[in-house]
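Notes follow the structure.
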Amino acid sequence: MHAFLTGPLFYISLAVCLGGMIFRFYKYFTGLSWQLDRVAYKEYPMMGLKGAWRSIYKWLIPYGTYGWRQQPVMAAAFFAFHIGAVCIPLFLAGHNVFLKEKLGFSLPMLGACAADIISWLAIAGLCVLVLRRLVLPEVRILTDRKDWGVLLLSFLPFATGLLARYQVGDYGLWLNLHILSGELVLLAIPFTKLSHVFLFFASRAQLGMDFGIKRGGLKGTPMAW
Amino acid sequence: MPEGKYCNKTPITTAEGITDLLADKSGAKYYEEMKSLEVDSDLLWKTIQNTCKSRIRTWLEICAHCGMCADSCFLYLANDRVPEQVPAYKIQSTLGTIIKKKGKVSNKFMRDAMRVAWAQCTCCNRCGMYCPHGIDTGIMFGYLRGLLYQQGFVPWEMKIGAGMHRVYNAQMDISSEDYVDTFEWMVEEYEDDYPGLTVPVDVEDADIMYTVNAREAKHYPEDLAEAAILFHIAGENWTIPSKGWEQTSLAMFAGDWVACKQQVESVYDAMERLRPKRMIGTECGHAHRASVVEGPYWAGRKDGRPPVESIHYIEWLAEALREGKLKIDPAKRIKQPVTLQDSCNYVRNHGLRDTAREILSYLVEPGYFIDMDPRKQHNFCCGGGGGFNGIGYFRKERNVGLKVKRDQILATGAKLVIAPCHNCWDAIRDLEEEFEIGIKWSFLKPLVIEMLDIPDHLKPQEEDE
């Protein structure tokens with residue numbers, strides 16, 4: 001079982017995730033139409049790039065936008081969770097040992113203490129996101145089963161990972177469940193709302209180009225996100 | 001009854017068609033007929049497949065249902081935060097459902113969608129600035145309006161408005177002759193006060209081609225005279241086109257893209273015919289959006305720009321004051337608390353966030369200008385944008401929507417609201433009527449004329465006693 005999870009299934013899920021997302025990126029950008037979207041993308045590539053970049057990085061900075069500052073609790077929960085969701089899979093020491101073994105390269109590694117803190121913050125952030133969905137009427141009305149599915153999918157790797165890390169009960173079982181849930185996330189990314197992992201950049205870039213080219217950018221007034 | 005006599009899928013293309021529909025007072029029969037108007041699901045789905053591409057589809061798909069757009073919507077705030085007014089919900093439960101069901105939706109569904117598209121969104125695009133994913137619900141509502149228009153589910157006034165553009169190339173039944181006559185007549189009225197005042201018609205190669213909102217010719221002709229006076233005092237070489245003078249587009253509010261194209265092309269034809277250096281439009285927000293921001297795309301102009309540089313009235317006014325073409329008498333500056341209404345259509349959606357403030361720095365005695373909160377690109381819609389002001393069927397909803405602007409104005413303590421936009425001007429007039437908060441409202445032109453320091457040679461010569 002362990003061999004299958006760390007062998008074929010790992011390669012398959014990674015390939016599906018990356019291949020699927022390259023395809024979706026391709027479909028997204030070839031599906032943009034200057035006339036339907038009413039944005040002259042190709043005529044002003046530099047203004048477009050500037051707008052796209054601005055639109056992305058401003059929103060990646062905690063409290064970097066007016067929108068984030070308007071909703072400080074949501075912003076805190078969002079960044080607590082997403083910093084973990086990006087940093088832990090990519091930079092956890094254990095993951096990189098595995099990566100080196102499987103793919104022959106590794107990424108910078110987090111210290112054990114930092115990894116613990118980031119993980120627990122992610123769990124805490126996720127709890128607030130769940131709480132919002134349960135409590136706030138404006139979020140509740142939007143919430144459907146898929147949203148819960150995505151939250152569960154995102155929660156499982158953290159939960160199983162921490163259970164394995166603290167060796168609660170059967171370490172081997174938690175480890176296998178952890179690997180499986182991580183691979184499920186990879187497999188789900190191209191086909192579910194988890195696609196936002198990549199499509200966030202596409203969508204933000206598009207709106208950035210829209211404002212950078214059409215809605216004020218050419219007037220010299222970049223959008224004050 | 002699949003297609004009604006008044007309510008049907010066919011756009012109005014004749015003057016008789018407009019008269020007939022206008023005769024149905026307030027659209028009583030029109031809305032009655034709409035209850036049995038058939039939905040052409042095949043056409044709906046085909047149109048979606050042809051026109052709903054990756055941008056909108058991705059928006060609908062990746063919406064995280066986080067609800068962060070809620071507070072950005074003035075209609076959500078004005079309606080006691082009912083969750084049905086959350087932008088993401090509004091679009092998912094209309095356009096989202098139509099796509100999910102591949103166009104197989106009921107008559108009742110389409111009528112509800114019409115209510116959401118015209119009475120629960122003004123396409124102010126504010127929510128687009130507050131979505132982490134960059135989802136602009138206002139754009140999607142514009143798109144949805146097009147689908148609803150094609151199926152005949154469009155408010156009565158919008159159907160008429162789009163028809164007006166198709167028939168008269170103007171939002172009202174004003175012919176070229178009527179327009180030029182009105183302009184000339186208004187100028188004559190002011191000739192004695194401003195010697196040499198004229199309205200140059202169809203002059204080629206002028207520096208400025210001036211375009212207007214048809215209702216100025218119909219209901220507020222002083223506005224035409226005021227524009228002439230200011231160009232005259234500033235010494236501008238300007239002209240008006242006898243054809244292609246209408247800058248607005250109710251067709252844009254209606255979602256009638258064919259009429260949008262036809263309308264804006266009439267303006268671009270005038271530019272190409274008269275070859276002015278610049279076009280300057282009147283103090284109107286949606287007119288600017290229609291003819292300068294969106295128009296080039298409807299007309300198929302790949303560079304996204306009109307044939308000649310086109311600017312909003314406030315851009316010209318700021319320039320004229322900056323360059324000293326117009327001089328303000330400091331003694332006549334505004335000395336009462338005054339605030340400014342930023343128009344979504346050229347501030348949030350075309351970046352002109354500081355221009356009107358520059359103008360006010362000349363017009364208002366320091367210390368008397370109080371900005372609204374939020375302001376500039378973050379300002380709330382006046383409450384009547386996107387056609388909302390003009391739809392009798394949704395008047396009650398519109399009046400509720402005005403509460404947010406009322407409270408913003410009250411918080412400034414201003415007694416005068418400057419609104420360089422026809423829609424905003426109307427909404428603020430209506431909110432005063434509705435809530436009686438004791439404010440006055442004004443365009444810029446009449447205020448500037450009151451305060452002008454006119455050079456002696458342009459003043460009327462006093463007769464010898």
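Considering only residues in the range B:59-85 that are touching a His at 6+ places or on another chain (Cβ under 8 Å) and at the interface with chain A (Cβ under 7 Å from one of its Cβ atoms), the one that is most open to solvent (accessible area, probe 1.4 Å) turns out to be B:A64. Assess whether B:G134 counts as being of a type in the set (G, A, S), crowded, with 22+ Cβ neighbours inside 10 Å and under 14 Å from B:R348 (Cβ atoms). In short, no. May I ask you to verify whether A:L92 is over 19 Å from A:F201 (Cα atoms) and either in contact (Cβ under 8 Å) with a residue 60 or more places away in the chain or surrounded by 14 or more Cβ atoms within 10 Å (Cβ to Cβ) (or both)? Spelling it out, A:L92 is indeed over 19 Å from A:F201 (Cα atoms) and either in contact (Cβ under 8 Å) with a residue 60 or more places away in the chain or surrounded by 14 or more Cβ atoms within 10 Å (Cβ to Cβ) (or both).
In summary, A:W59 fulfils each of the numbered conditions (1) free of Cβ contacts under 8 Å to residues at least 12 places away in the same chain; (2) open to solvent by less than 60 Å² (accessible area, probe 1.4 Å); (3) within 14 Å of another protein chain (Cβ to nearest Cβ) with the single exception of condition (1).
Residues in the range B:410-424 that are touching a residue at least 40 places away in the same chain (Cβ under 8 Å) and in a helix (DSSP H, G or I): 4 in all. Scan the range A:164-202 for residues that are small (G, A, S) and either closer than 25 Å to A:D116 by Cβ or free of Cβ contacts under 8 Å to residues at least 12 places away in the same chain (or both) and the total you get is 5.
Restricting B:A88, B:A113 to those that are more than 8 Å from chain A (Cβ to nearest Cβ), not in a loop (DSSP other than H, G, I, E, B) and not basic (K, R) reduces the list to B:A113. Residues that are in contact with a Pro (Cβ under 8 Å, 6 or more places away or on another chain), of a type in the set (G, A, S) and within 22 Å of B:G138 (Cα to Cα) within the range B:387-434 comprise just one, B:G387.
For the range B:344-372, the candidate set comprises residues that are more than 8 Å from chain A (Cβ to nearest Cβ) and farther than 28 Å from B:K327 by Cβ; within that set, the residue that is surrounded by the fewest Cβ atoms within 10 Å (Cβ to Cβ) is B:M372. Is there a residue being within 25 Å of A:F25 (Cα to Cα), open to solvent by less than 50 Å² (accessible area, probe 1.4 Å) and either of a type outside the set (S, T, N, Q) or at pLDDT below 95 (or both) anywhere in the range A:127-148? Within the range A:127-148 (the criterion being within 25 Å of A:F25 (Cα to Cα), open to solvent by less than 50 Å² (accessible area, probe 1.4 Å) and either of a type outside the set (S, T, N, Q) or at pLDDT below 95 (or both)), the answer is yes, since at least one residue qualifies.
Restricting attention to the range B:1-26 and to residues that are more than 23 Å from B:Q263 (Cα to Cα) and of a type in the set (A, V, I, L, M), the residue that is surrounded by the most Cβ atoms within 10 Å (Cβ to Cβ) turns out to be B:M1. Tell me yes or no: at least one residue of the range A:122-130 is within 9 Å of another protein chain (Cβ to nearest Cβ) and either over 20 Å from the mean Cα position of the chain (by Cα) or hydrophobic (A, V, I, L, M, F, W, C) (or both). Yes, there is a match, as at least one residue in the range A:122-130 is within 9 Å of another protein chain (Cβ to nearest Cβ) and either over 20 Å from the mean Cα position of the chain (by Cα) or hydrophobic (A, V, I, L, M, F, W, C) (or both).
Please verify whether A:L173 is open to solvent by 40 Å² or more (accessible area, probe 1.4 Å), more than 14 Å from every other protein chain (Cβ to nearest Cβ), closer than 29 Å to A:Q71 by Cβ and assigned to a helix (DSSP H, G or I), treating the condition exactly as stated. Answer is no for this residue. Identify, please: which residue in the range B:22-58 is of a type in the set (S, T, N, Q) and without any contact (Cβ under 8 Å) to a residue 40 or more places away in the chain and is, among those, nearest to the other protein chains (Cβ to nearest Cβ)? Filtering first and then ranking leaves B:S54.
Of all residues in the range A:191-211, count the ones that are more than 8 Å from chain B (Cβ to nearest Cβ), under 21 Å from A:L152 (Cβ atoms) and part of a helix (DSSP H, G or I). Total meeting the criteria: 4. Surrounded by fewer than 23 Cβ atoms within 10 Å (Cβ to Cβ) and not polar (S, T, N, Q): does that describe B:R111? Taking the combined requirement at face value, the residue satisfies it. Kindly establish whether B:R301 is within 13 Å of chain A (Cβ to nearest Cβ), farther than 19 Å from B:L230 by Cβ and over 13 Å from the mean Cα position of the chain (by Cα). It is true that B:R301 is within 13 Å of chain A (Cβ to nearest Cβ), farther than 19 Å from B:L230 by Cβ and over 13 Å from the mean Cα position of the chain (by Cα). Taken together, the residues in the range A:62-72 that are within 11 Å of chain B (Cβ to nearest Cβ) and either open to solvent by 70 Å² or more (accessible area, probe 1.4 Å) or in a helix (DSSP H, G or I) (or both) amount to 5.
Matching residues to (1) in contact with a Ser or Thr (Cβ under 6 Å, 6 or more places away or on another chain); (2) closer than 25 Å to B:A119 by Cα; (3) open to solvent by 10 Å² or more (accessible area, probe 1.4 Å); (4) part of a helix (DSSP H, G or I):
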site: B:Y220; (1), (2), (3), (4): no, no, yes, no
site: B:A228; (1), (2), (3), (4): no, no, no, yes
site: B:H232; (1), (2), (3), (4): no, no, yes, yes
site: B:S242; (1), (2), (3), (4): yes, no, yes, no
site: B:V258; (1), (2), (3), (4): no, yes, yes, yes
site: B:V264; (1), (2), (3), (4): yes, no, no, yes
site: B:E272; (1), (2), (3), (4): no, no, yes, yes
site: B:E294; (1), (2), (3), (4): no, yes, no, yes
site: B:K302; (1), (2), (3), (4): no, no, yes, no
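Taken over the range B:155-204, the criterion of being charged (D, E, K, R) and assigned to a loop (DSSP other than H, G, I, E, B) is satisfied by B:D173, B:E191, B:D192, B:D193, B:D202, B:E204.
In the range B:154-174 there is at least one residue matching the filter, namely being out of contact with any Cys (no Cβ under 7 Å at 6 or more places or on another chain), farther than 18 Å from B:C284 by Cα and acidic (D, E). Criterion applied to B:R333, B:R375 was being open to solvent by 20 Å² or more (accessible area, probe 1.4 Å) and within 20 Å of the chain's Cα centre (by Cα), and the one residue passing it is B:R375. If you go through the range A:88-113 and keep only what is part of a helix (DSSP H, G or I) and among the polar types (S, T, N, Q), you end up with just A:N96.
The values are calculated or read from the model by the stated rules, or taken from the named source; none is laboratory data. Values in this document were obtained by computation on a predicted structure and should not be read as measured data. FYI the Cβ positions are ideal-geometry reconstructions off the backbone, even for glycines, and counts take in every protein chain you see. To get the accessible areas, we keep the full protein, side chains included, count just its heavy atoms, and leave off ligands, DNA and RNA. Shrake-Rupley method; radii C 1.70, N 1.55, O 1.52, S 1.80 Å.
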